[in-house]
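Please treat every number below as a calculation from the coordinates, not as lab data. Computed from a predicted model, the values in this text were never measured in an experiment. In this analysis, Cβ positions are derived from the backbone assuming ideal geometry, glycine residues included, and neighbour counts consider all displayed protein chains.
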Amino acid sequence: MTLCAEVFVLDRPNGRMLLGRKKLGLGAGNYQGFGGKLEPGETLAQCAVRELWEESGLKAKEDNLWYMAHLIFLFPNKPQWSQDVHVFRLEHWEGEPQETEEMKPEWFDLKTLPLTQMWDDVQYWLPQALEGARPKLRFIYAADGRKVERIEGLE
Ligand SMILES: COc1nc(N)nc2c1ncn2[C@H]1C[C@H](O)[C@@H](COP(=O)(O)OP(=O)(O)OP(=O)(O)O)O1
């Protein structure tokens, strides 16, 4: 299964989170964290830093990444969409968000995250993860590839 790293950028002093509106490919139109597939020889943290830079123009140090969640997304009817994603939180970075070919970054108040415009799984784990939980979950999507049908714990 495809292994990915994803970063959620949190500006805690101002109570806001940076999300990217995906412009291309799987999930286009959705808001999500910045992330993508591991390249050969890369660690999860290296992948997270690279993807953040490529998709938002922000520079991060690996030491500033905090592990937030391990999530597996299964699409029984579209196995090529299934992903094993390790999610990080980042609260210190350098630079200003830039729109890229893949993503349009946008700040959201933490109290009004656009959960209905994100992948359906996000509502089930992101609010808890922001409170400090470290969810480890498997989401099985329905045949339409849009709604979560079942949630299982990992391990
Ligand atoms: C249901 O599926 C998903 N839910 C959530 N919450 N996040 C997902 C889901 N599928 C993908 N993602 C996230 C995880 C990664 O951050 C990215 C990977 O998406 P994609 O495979 O489209 O990645 P690309 O940006 O095209 O990857 P490369 O830059 O490596 O080509 O989305």
**Request:** Write down the Kirkwood hydrodynamic radius of the chain, to one decimal in angstroms, obtained as one divided by the mean of 1/r over all alpha carbon pairs.
**Result:** 15.6 Å
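Considering only DSSP beta bridges whose two residues both sit in the chain, what percent are antiparallel, to the nearest 5? Walk me through the numbers before you get to the answer.
Numbers: 30 of 43 bridges.
Counting only bridges with both partners in the chain, antiparallel ones make up about 70 percent.
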**Request:** Working from Cα positions, state the angle (0 to 90°, nearest 10) between the long axis of helix 44-56 and the longest principal axis of the chain.
**Result:** 70 degrees
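Using a Förster radius of 25 Å, what is the FRET efficiency between LYS23 and GLU152 based on their Cβ-Cβ separation? Nearest 0.05, please. Spell out each step's value before the answer.
On the way: r = 32 Å, r/R0 = 1.27.
The pair LYS23/GLU152 has a calculated efficiency of 0.20.
Can you give the calculated 222 nm mean residue ellipticity of the chain, where each DSSP H run of n ≥ 4 adds -39,500 (n - 2.57) and the sum is split over every residue, rounded to the nearest 500 deg cm²/dmol?
Taken over the chain, the calculation gives -4500 deg cm²/dmol.
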**Request:** For the range 27-155, build the charge dipole from Cβ charges (+1 Lys, Arg; -1 Asp, Glu) around the Cα centre, then report which of PHE75, THR43, LEU113 sits farthest towards its positive end.
**Result:** PHE75
**Message:** With the crude spin-label approximation of a point 7 Å out along Cα→Cβ, what separation in nm comes out for ARG134 versus THR43?
**Reply:** 1.5 nm
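What is the packing order of peptides 6-13, 94-101, taking the mean over residues of other C-beta atoms within 10 Å and listing the highest first?
In decreasing order of mean packing, 6-13, 94-101 become 6-13, 94-101.
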**Mean separation of Cα contacts under 8 Å (6+ apart) over length of the chain, as relative contact order %** = 27 percent
**Request:** With label points built 7 Å along Cα→Cβ from the Cα atoms of LEU3 and ASN30, find their separation and express it in nm.
**Result:** 2.2 nm
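About its Cα centre, what dipole magnitude does the chain give when the only charges are +1 on Lys and Arg Cβ and -1 on Asp and Glu Cβ, stated in debye to the nearest 20? Can you show the working numbers first?
Working: 19 positive and 25 negative charges, 82 e Å.
For this selection, approximately 400 debye.
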